[in-house]
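The values are calculated or read from the model by the stated rules, or taken from the named source; none is laboratory data. Note that the structure is predicted; figures quoted are calculated from it, not measured. Please note: Cβ atoms are built from the backbone with ideal geometry, for glycine as well, and neighbour counts cover all protein chains shown.
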Amino acid sequence: MRTDTKRIFGLDIYRAIAILIVVIGHGNFILQNTFLEGFPYFKMIDGVDLFFVLSGFLIGKILLKEINEKELFRLVDLLQFWKRRWFRTLPNYYLILFINYLIVRYGIINQNINNFSLDFLTFTHNFDEPFYGFFWESWSLSVEEWFYIFTPVLIWVSSKIISNKFAFLTTALIMIIIPLVYRFCLYNPAIDPFWWDVTFRKTVLTRLDSIGYGVLAAWTLYYYKKLWIKIRLPAMILGTVLIFLITNDNSNVDTLYKQTTYFSLVPFTAMLFIPAAESMKKGFGRIPVAIQHISKISYSMYLINLGLVGEVIKTNFPPNGGVDSIIKYVIYWFVVVLGSTIIYKYFEKPMTRLRDLV
């Protein structure tokens, strides 16, 4: 068996690792009071940062191709880019948002329906201020969607002033620097872990730089391919060292580092693995095919694993420890993978195909 040759297998590995980290983290509560408590027994980098960097890299490659294959990057090209992106991301998001509304509205899970607002429709519920208590995982989707808006607009504007090469680089640097400066402005030495999480980690304006690092990686590949090939191994080694340091750092959330440069260091570290991943073009065998499948359904897995599966189990079938918890953990994974596969096959893919007909 061979993986889909239209996809880069190494990037599928990267995406699969990202979603597995997220799903493991959200399902850990089920394993409490079992011999598997604390699985996988080591600290992991934030899987969402891996998603952010990969998204920036892939979208960066698309935009680089767009601006360099045409004499002029026009407004119509912007609109076409947005159409393709939004047909890929919005249908799934609105579907799961609607289901989340229903299961909270009718008390199936313990979240607060009063924290729902129309801002969720426009991804402004966490644009510049914290949100909590409803559809928690939507925070990262807001970051992604605003990235899709800001980045091509910045490229479009700056390409009218400077060359495409430096317009793209300027955009990447703006996306990286401004959120960092903004975090310095928000520094709060009296913050607690909850408010640190929703203020610094889960707000659009504080996190756009995570995706910016992926954009910078795409720019490096496009314009400096020889360098890109040369740094694959050293970058991966440095990334491994940095992951060890990051995951074993015990800095408190009230420190300047944990509120500012920490959120730059993690995506920078994630970026260092992109060159090695990009070099792995295809895989053979059942395991690579399974990895690619997890990668394909990762967006749906991200959307359903917490609220529609984990919270339903926690609220209605609370684990009792021991064998009961192990069984429910297996069910958790089975439902996440099966449900995501069904959504991907019968909703996500058809909606993505529809964009070519509109």
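Would you check if there is a residue in segment 284-303 being under 21 Å from Ala16 (Cα atoms), without any contact (Cβ under 8 Å) to a residue 40 or more places away in the chain and out of contact with any Leu (no Cβ under 9 Å at 6 or more places or on another chain)? Checked against the condition, which is being under 21 Å from Ala16 (Cα atoms), without any contact (Cβ under 8 Å) to a residue 40 or more places away in the chain and out of contact with any Leu (no Cβ under 9 Å at 6 or more places or on another chain), segment 284-303 yields at least one hit. In this structure, does Thr199 turn out to be crowded, with 16+ Cβ neighbours inside 10 Å and over 22 Å from Lys61 (Cβ atoms)? Criteria met by Thr199.
Residue-by-condition table, conditions (1) in contact with a strand residue (DSSP E or B) (Cβ under 9 Å, 6 or more places away or on another chain); (2) closer than 28 Å to Val198 by Cβ; (3) of a type in the set (S, T, N, Q):
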{"position": "Tyr223", "(1), (2), (3)": "no, no, no"}
{"position": "Arg232", "(1), (2), (3)": "no, no, no"}
{"position": "Met236", "(1), (2), (3)": "no, no, no"}
{"position": "Val241", "(1), (2), (3)": "no, no, no"}
{"position": "Thr255", "(1), (2), (3)": "no, yes, yes"}
{"position": "Lys258", "(1), (2), (3)": "no, yes, no"}
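Considered as a group, the residues in segment 209-231 that are touching a Ser or Thr at 6+ places or on another chain (Cβ under 8 Å) and surrounded by fewer than 17 Cβ atoms within 10 Å (Cβ to Cβ) include one that is nearest to Ile177 (Cα to Cα), and that residue is Leu227. Total residues in segment 280-308 satisfying the condition of being of a type outside the set (A, V, I, L, M) and under 30 Å from Ile113 (Cβ atoms): the figure is 6. Apart from one condition, Tyr262 fits all of (1) crowded, with 18+ Cβ neighbours inside 10 Å; (2) farther than 20 Å from Leu50 by Cβ; the exception is (2). Looking at segment 171-205 only, could you name the residues that are part of a loop (DSSP other than H, G, I, E, B) and within 17 Å of His125 (Cβ to Cβ)? Once the filter is applied, which keeps residues that are part of a loop (DSSP other than H, G, I, E, B) and within 17 Å of His125 (Cβ to Cβ), segment 171-205 yields Lys202, Thr203.
Can you tell me which residue in segment 325-347 is farthest from Ala290 (Cα to Cα), limited to those that are of a type in the set (Gly, Ala, Ser) and under 23 Å from the mean Cα position of the chain (by Cα)?
The residue in question is Gly339.
Which residue, of Asn126, Asn112, is closer than 30 Å to Pro193 by Cα, out of contact with any Leu (no Cβ under 8 Å at 6 or more places or on another chain) and without any contact (Cβ under 8 Å) to a residue 60 or more places away in the chain? Only one candidate qualifies: Asn112.
When Ile103 is tested against (1) under 21 Å from the mean Cα position of the chain (by Cα); (2) at pLDDT 95 or above; (3) hydrophobic (A, V, I, L, M, F, W, C); (4) assigned to a helix (DSSP H, G or I), just one condition goes unmet, and that condition is (1). Considering segment 26-36, the residues that are surrounded by 14 or more Cβ atoms within 10 Å (Cβ to Cβ) and at pLDDT 90 or above include one that is farthest from the chain's Cα centre (by Cα), namely Thr34. Taking segment 117-173 as the range and being of a type in the set (Gly, Ala, Ser), closer than 21 Å to Ala217 by Cα and modelled with pLDDT of 95 or more as the test, the residues that pass are Ser140, Ala172.
Can you name every one of the helices (runs of 4 or more DSSP H) wholly within segment 224-297 that holds 1 or more residues which are under 30 Å from Asn92 (Cβ atoms) and touching a helix residue (DSSP H, G or I) at 6+ places or on another chain (Cβ under 9 Å)?
The qualifying helices (runs of 4 or more DSSP H) are 232-247, 262-271, 274-279, 286-296.
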